[in-house]
Amino acid sequence: MTDQANPFESLQTQLDDASEYLDVDSDVLERLKHPERVLETNLSIVLDDGSIEVFRAFRSQFNGDRGPYKGGIRYHPGVTRDEVMALSGWMVYKCAVVDIPYGGGKGGIVVDPRDYSDSELERLTRAFAVELRPLIGENRDIPAPDVNTGQREMNWLKDTYETLERTTAPGVVTGKAIDSGGSAGRVAATGRSVMLAAREAFDWLDRDLADATVAIQGYGNVGSQAARLIDELGGDVVAVSDSSGAIYDPSGLDVAAATDHKRETGSLAGFAETESLTNEELLTLEVDLVIPAALENAITEAIAHDVAADVIVEGANGPITPDADDVLADSETHIVPDILANAGGVTVSYFEWVQNRQRFSWTEERVNDELERVITEAFEGLIDSYESTDAPTLRTAAYVVAIKRVVSAFEQGGGSWP
Ligand code: NAD
């Protein structure tokens, strides 16, 4: 991704933009622009060849006014302190906009997991769990998967925590495998909320997602599940991409076959009878809907001028830079913001945590029904905010809803103390 916009500055700009449509004291807002604390640590592990390597890792606890800190852990060479702080802040406002009782956190390790064996990654994850142990807990801070982490890493985190604490605490992390206390429906949850947000947005615009052409950047958990569910709904997914590039078929891709190809070969490249595109070309295709579902800063100001779609649903966190946002607002492109569109992951994480606390499992149907209720109600709340304030964009309207809820909890708790 070419633009070097600092995601933490992007978050602060988004909060400043929303504050113009809110009656919030500037000192209270200032508090909401910074994390409460950030752990920065160096993890050293023994590699398979007997040598020792050191990895930088972070955990940011941004705000706990509405409940325990909650947010994923990312393994990526591009992880920085500022990125982790930004992602933890987005979690606060995401949980607030869909009204689930969590604050926001995020973590990351600076590592390219492709360069390490499974046993090295297990040692690295367990070393991180040891550092996290005093900070996390079922009532305090609850990690989850993010880019390049999944059920396996969550199972290791939970196991290390439980071993050290000499207890069982399945709710200390979410996104676990089912037999380790995971929830039905969690793997597809973020892609499902992207589909639901897109469906609601098209409905609001008196259009039908089933008649739309769709391009999706990023074909990991979020992108591939969104593609599958939009395809099932009848939408026409014409282009998808991963870090190897994009594939395009104007008559519609065979999504299931593309997913099989990616699973078998590790990439989308070389998928039969499709045209190859760059990721930039995918984002500017003549389609109805673009879903950026890879990493931050995918749509820069330069790309924004060429975006042809009139709806963007953000699957990734922070995929549009603030400058690009301004360009897209001028061209009246409707953007369903990340904090609502990809909130399905944390919502079903919340359901997983509730099930863990109850020691009772829900059916997949119940999980999906509850998720649909949460996302459609949040979308209604977003449109109410957009139509009842002068907020210029859906993003600003979403932050207005979210900030109000966080400030209300802060004030009800007595405000600043001591
Ligand atoms: P993932 O690791 O499963 O997939 C990421 C995908 O992006 C891969 O297909 C990768 O090849 C692709 N990619 C990376 N760089 C790219 C580039 N330059 N161009 C095109 N594709 C590129 O990760 P994920 O879990 O699907 O997460 C994707 C985004 O969604 C992240 O921003 C993450 O924070 C956000 N998110 C994830 C969840 C979740 O539940 N997994 C929840 C909320 C938000």
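Only the coordinates and a few stated rules stand behind these numbers; no lab work does. These numbers were taken from a predicted model, which means no experiment stands behind them. Glycine also receives a Cβ, built like all others from the backbone with ideal geometry; neighbour counts cover every protein chain displayed.
I need the Debye-formula profile for region 76-188: one equal scatterer per C-alpha, no solvent, reported as log10 I(q)/I(0) at q = 0.16 1/Å, two decimals. For region 76-188 at q = 0.16 Å⁻¹, log10 I(q)/I(0) is -0.78. For region 328-418, the set of trypsin sites (Lys or Arg not before Pro) satisfying both a DSSP loop assignment and a count of at most 11 other C-beta atoms within 10 Å is given as Arg359. Multiplying the residue separation of Ala256 and Ala269 by 0.36 nm and subtracting their alpha-carbon distance yields 3.2 nm. Placing +1 on the Cβ of every Lys and Arg and -1 on the Cβ of every Asp and Glu, with nothing else charged, gives the chain a dipole about its Cα centre of roughly 2300 debye. Projecting label points 7 angstrom from Cα along Cα→Cβ for Arg152 and Ala302 puts them 3.6 nm apart.
Residue-wise HN-Hα couplings along region 150-161, as the Karplus relation 6.51 cos²θ - 1.76 cosθ + 1.60 with θ = phi - 60° gives them from phi, are x, 4, 4, 5, 5, 4, 5, 4, 4, 4, 5, 4 Hz; Gly and Pro carry x.
Residues in region 243-250 carry Karplus couplings, in order, of 5, 7, x, 10, 10, 9, 9, x Hz; the curve used is 6.51 cos²θ - 1.76 cosθ + 1.60 with θ = phi - 60°, and Gly or Pro positions show x. Backbone N atoms of region 60-88 closer than 16 Å to the 7 Å Cα→Cβ label point of Val354 belong to residues 67-68. Placing +1 on the Cβ of every Lys and Arg and -1 on the Cβ of every Asp and Glu, with nothing else charged, gives region 274-331 a dipole about its Cα centre of roughly 200 debye.
Using every pair of separate Cα atoms, the Kirkwood estimate puts the hydrodynamic radius of the chain at 21.5 angstrom. Residue by residue, region 163-169 carries 3J(HN,Hα) couplings of 5, 5, 7, 6, 8, 10, 8 Hz when phi is fed to the Karplus relation 6.51 cos²θ - 1.76 cosθ + 1.60 (θ = phi - 60°); x denotes Gly or Pro. Treat each spin label as a single point 7 Å out from the Cα along the C-beta direction, and report the Glu232 to Leu39 distance in nm. My value for the distance between the label points is 3.6 nm. Label-to-label distance, Ser276 versus Ser408, with points set 7 angstrom from Cα along the beta-carbon direction: 5.3 nm. Residue-normalised convex hull volume from the C-alpha trace of region 176-322: 116 Å³ per residue. Subtracting the Cα-Cα distance of Ser388 and Asp27 from 0.36 nm times their residue separation leaves 127.4 nm of extension gain.
When the square roots of the Cα gyration tensor eigenvalues are ordered a ≥ b ≥ c, the ratio a/c for region 211-296 is under 1.5, which makes its shape rounded. Under the shape rule built on the C-alpha gyration tensor, where the axes satisfy a ≥ b ≥ c, region 288-418 is oblate, since a/c reaches at least 1.5 while a/b does not exceed b/c. When every Cα-Cα distance of region 1-60 is counted in 10 angstrom steps from zero, the calculated P(r) takes the values 17, 29, 25, 17, 9, 3 percent.
Take the alpha carbon atoms of region 188-256, find their center, do the same for region 119-158, and report the distance between the two centers in whole angstrom. One Cα centre to the other: 30 Å.
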